[in-house]
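The values are calculated or read from the model by the stated rules, or taken from the named source; none is laboratory data. Worth saying up front: this structure is predicted, and the values here are computed from it rather than measured. Neighbour counts are summed over all protein chains in view; Cβ atoms, including those assigned to glycine, are modelled from backbone coordinates with ideal geometry.
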Amino acid sequence: MRKIIIILAVLALAVFPAFAGRNANSLTIAGSTTVLPIAQSCAEAYMNANPDADISVRGGGSSVGIANIIAGTVDIGDASRHAKTKEIVQAKSNGVNLYENIVANDAIAIIVNSSNPVNALTLAQITSIYNGSITNWKDLGGPSMPIVVISRDVSSGTYEVFSTIVMGGNASTDSALMLASNNAVATTVKDTPGAIGYVGIGYLSSDVKGVSVDGVTASKKTVLNKTYPIARTLHMYTNGRPRGMAKNFIDFVLSPEGQRLVEENGFIGLQ
Amino acid sequence: MKKSLILLVVFLCLAAVASAETKFSMELWNRWTYHMTDGEVDQNEMNLSRGYFRIEPVFTPNIKGRFNLDFFSDEGMSNGAGIKLKYAYLDFSNILWEDANLTVGLMKTYFGTIYDWEYVTIEKDPSDKYKFVASTDYGLGISGYLPQGFGTYAFAAYNGEGYKKTGEHLNTAMNFCADVRLTPMAGLTVGGSYYMMNKNNDKIDDVDNPDRIEYNMMAGVARITLIPNVDIWAQYLTRETDKPHMDDYEAVTDQAISIIPIISLQEFTGKDLELVFRYDMYDNNTDVDNDVAGSGAYNTTIAGVNYYMMRDEKNSPKLWLQVNYSMKDKLDEDADDSSSIEAQLRWKFSENL
């Protein structure tokens, strides 16, 4: 009898939670620091147009965005890379269907200090800089000045994409400074004459200088015609096809107004 | 102890210098146990059940390591604390083929749910509790993910005698394990493991020698997360032990069944709370009736609460309290039943260098 009561109590508790639901007017977003400015500006515009809406946006990195979608703690997980097989398996096991919503295009721009006369590098030269084979700007047509290599931390999506396309999956030189955000990379390159770094194209500014790669400058045209070699898509992951307010928000990001905000932040729209 | 500390410092320095990024973390389990047998209190104790110190260097995106020391209260040691090596392995990913890991060293055992076990109850994973396998062992394994997130696979060769034995305490036979999990749809995972363990069989030709022992172990695992906020784990374990010196029969089979529903209450209470239930049935010999005198069969019922006070940015718990009430019901009616209340505060912190 005691066992039956225990089993019934467990079943009752198991069914009860199924009727719970989130606040229909609130949305939580977390993840990639690259996608962060898009999410922030779109959230502001969306909330201006829908005063009842309450959207909270935070960064953390692509791994954090996807981990939080798997854990069910956010409605949208931003990522500047595709979900890994490991994450897809974890998600399915947790009852979560990772659904990838592509919201923008991006190029990873190679940046140097504004005072550096070097304007162009080849992909092979960038690989050699980041694996430590080339350590002085004079070997690249610049002044005799040690190269200060700036990289992103290994958990960032930008690092993953850069590592795959430029480094062939190999590690950066041990002397590379690993920084936690696009902003930190841009600021360090701005303040360090011999520095080289990489950031999402949205973080290019007059404070730093973007260099061409294999003779191609990162731009909307070169990303859309696929001639710029270090390009990627940006994503907002949801649990299954977006529904409710998550759908409304992603529809807004994909709308002409949302895509205008994507480009206003320096990224490249889908069209 | 001094030598261990020196080795630890050297390892720390080497790992920090050689890797692109190294994560240092510490996790501590402070536990209170109140245990009664047949109504008499026989344990009322507070201790440090675990004190994990972990170093996880990332050498390249495809080469990662893990080194884990376990500190714990131990009255047998002169200073009241013990230390043991729990993990020391390197993972080489995408080297053999896409999404595959080659793991070398003191690593987790790919058997049943022991690889997944996050101690949702204070009690150990069933295959650890019923001593089917050790949670970690020295070995070499290949694991990976099936395409499109369809599941996972793992194959490994181990010493077979866990992390506590090395050198002359080991037999010479290697042991083998295979595990497959399939996730055909989101919310449903099923799978199984097979572990072939033998002791000395390779060097003793005489099949009647009592030092020859062979174990064949299997695990069937299911996880269901189809109902929102509810996570159900179920496991069936069976082990056939073949000892030539046994008089009445050649083999003994023991088995265990475990069901663990976990219910998140966060959406209703606003607090990061979980209710956990666990029901284990262990039968030490399937050829003998469970209710006879001397039977070692017993059932364990556990009800508990997990309160997660802090989580990190990836939602992993950083500070949480577990309270469990458990009843051990021995099926031999002459044997004493027991029960216990345990409370455990777990906390961890980490830093990336």
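Figures for the structure shown
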| read-out | value |
| --- | --- |
| Top-ranked residue of segment B:220-235 - restricted to ones that are more than 7 Å from every other protein chain (Cβ to nearest Cβ) and over 14 Å from B:L265 (Cβ atoms), ranked as farthest from the chain's Cα centre (by Cα) | B:I224 |
| Single unsatisfied condition, A:T222 versus (1) among the hydroxyl-bearing types (S, T, Y); (2) over 17 Å from A:P37 (Cβ atoms); (3) crowded, with 20+ Cβ neighbours inside 10 Å | (3) |
| Extreme residue, farthest from B:N352 (Cα to Cα), among residues of segment B:52-69 that are within 14 Å of chain A (Cβ to nearest Cβ) and of a type in the set (V, I, T) | B:I63 |
| Tally, over segment B:124-147, of residues that are within 14 Å of chain A (Cβ to nearest Cβ) and in contact with a Gly (Cβ under 9 Å, 6 or more places away or on another chain) | 1 |
| Segment A:147-183, subset out of contact with any helix residue (DSSP H, G or I) (no Cβ under 8 Å at 6 or more places or on another chain) and surrounded by fewer than 16 Cβ atoms within 10 Å (Cβ to Cβ), residue farthest from A:K84 (Cα to Cα) | A:S175 |
| Of all residues in segment A:158-197 being of a type in the set (D, E) and within 13 Å of chain B (Cβ to nearest Cβ), the one that is farthest from A:S115 (Cα to Cα) | A:E160 |
| Filter result (hydroxyl-bearing (S, T, Y) and at pLDDT below 95) within segment B:298-338 | B:Y298, B:S316, B:S338 |
| Which numbered condition B:A88 fails, given (1) part of a helix (DSSP H, G or I); (2) of a type outside the set (F, W, Y); (3) touching a Lys or Arg at 6+ places or on another chain (Cβ under 8 Å) | (1) |
| Number of the exception - B:F71 against (1) touching a residue at least 24 places away in the same chain (Cβ under 8 Å); (2) hydrophobic (A, V, I, L, M, F, W, C); (3) surrounded by fewer than 19 Cβ atoms within 10 Å (Cβ to Cβ) | (1) |
| Any chance A:A124 is exposed (fewer than 15 other Cβ atoms within 10 Å of the Cβ), aliphatic (A, V, I, L, M), modelled with pLDDT of 90 or more and not assigned by TED's automatic domain parsing to the domain that holds A:D78 | yes |
| Filter pass, B:D280 being within 21 Å of the chain's Cα centre (by Cα), within 14 Å of chain A (Cβ to nearest Cβ), among the acidic types (D, E) and closer than 29 Å to B:N47 by Cβ | yes |
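This table checks each residue for (1) surrounded by 17 or more Cβ atoms within 10 Å (Cβ to Cβ); (2) hydrophobic (A, V, I, L, M, F, W, C); (3) within 14 Å of chain A (Cβ to nearest Cβ).
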position	(1), (2), (3)
B:K84	no, no, no
B:A100	no, yes, yes
B:V104	no, yes, no
B:M107	yes, yes, no
